[in-house]
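The values are calculated or read from the model by the stated rules, or taken from the named source; none is laboratory data. Not measured: the values here are computed from a predicted model. Reconstructed Cβ throughout: ideal geometry from the backbone, glycine too, with neighbour counts over all protein chains shown. The area values use the complete protein model at the heavy-atom level, side chains included, leaving out ligands, DNA and RNA. Shrake-Rupley method; radii C 1.70, N 1.55, O 1.52, S 1.80 Å.
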Amino acid sequence: MKDSKGLVLVVEDEKPIADILRMYLTREGFGVQVESDGNAGLAAAKNSHPVAIILDVGLPGLDGVEVCKELRSSGFQMPILFCTARDDEVDRILGLEMGGDDYITKPFSPREVVARVKSVLRRTNMTPTDSGPVVVGEVSLDSNSRRVTVAGGEVSLTATEFDLLEYLMSQPGRVFSRDQLLSQVWGYSSVVGSRTVDVHIAQLRSKFGVHDPIRTVRGVGYSVEIA
Ligand code: CA
């Protein structure tokens, strides 16, 4: 039965935290690999095919932010849940182009971390619908292959960016509030605040460039618009 839910990679240099995460995740049926520095974590992420990564920010060697950047720039799109001990690191974690899917601040309850991992996996493993691609303006999204093209060229999105775009494109023209997006896309409400939504929207926009179909409705939220 081991590994039945897939392998979660925990990159964490504080052994007591790593141990307790291992215990909780194992109890939930995940396989768990623990690495305690950034370089080993990066190698494991590339070689062990984890379904998700719990990535500490402050690590010996490469820090968590650098590990994430390197993974994303090498084309790895698995969900990444950041752990940070410092509130002032959150901006950096959520910074543009970073590609993290969620974050949690220490001290955290291991139960909450497991809930977040399950939530991000639920989102990224949702059964695809059988409909064809949805097209809004120059942006085309195919839920079956989880591919997005812009003006005919494929764009590489993280799991969360894809889910966010998919949800917005499910009803073009409809305005969704940040709270709606948080609960529908992230699977929980207002725990992390709306900044997470704004940052992921900004990431999507930077990838769409001149073909960006996202409209900000001031004081309300976001929609995608038919060009
Ligand atoms: Ca640390």
- Message: So, in region 32-65, exactly how many residues are open to solvent by less than 30 Å² (accessible area, probe 1.4 Å) and either among the β-branched types (Val, Ile, Thr) or at positive phi (or both)?
- Response: 5
- Task: Residues being part of a helix (DSSP H, G or I), within 16 Å of the ligand (Cβ to nearest atom) and not β-branched (Val, Ile, Thr): count how many of those fall in region 1-43.
- Result: 11
- Task: Starting from residues that are surrounded by 15 or more Cβ atoms within 10 Å (Cβ to Cβ) and under 18 Å from Ser119 (Cα atoms), keep the ones in region 10-27 and report whichever is nearest to the chain's Cα centre (by Cα).
- Result: Val10
- Task: Looking only at region 63-92, count how many residues are polar (S, T, N, Q) and either modelled with pLDDT of 90 or more or part of a loop (DSSP other than H, G, I, E, B) (or both).
- Result: 2
- Message: Can you find, within region 46-57, the residue that is nearest to the ligand (Cβ to nearest atom) among those that are of a type outside the set (Val, Ile, Thr) and under 14 Å from Gly100 (Cα atoms)?
- Response: Asp56
- Query: In this structure, is Pro60 assigned to a helix (DSSP H, G or I), within 12 Å of the ligand (Cβ to nearest atom) and not hydrophobic (A, V, I, L, M, F, W, C)?
  - Reply: no
- Could you look through region 73-85, keep only residues that are under 26 Å from Pro110 (Cα atoms) and away from the ligand (no atom under 16 Å from the Cβ), and pick out the one that is least open to solvent (accessible area, probe 1.4 Å)? Pro79
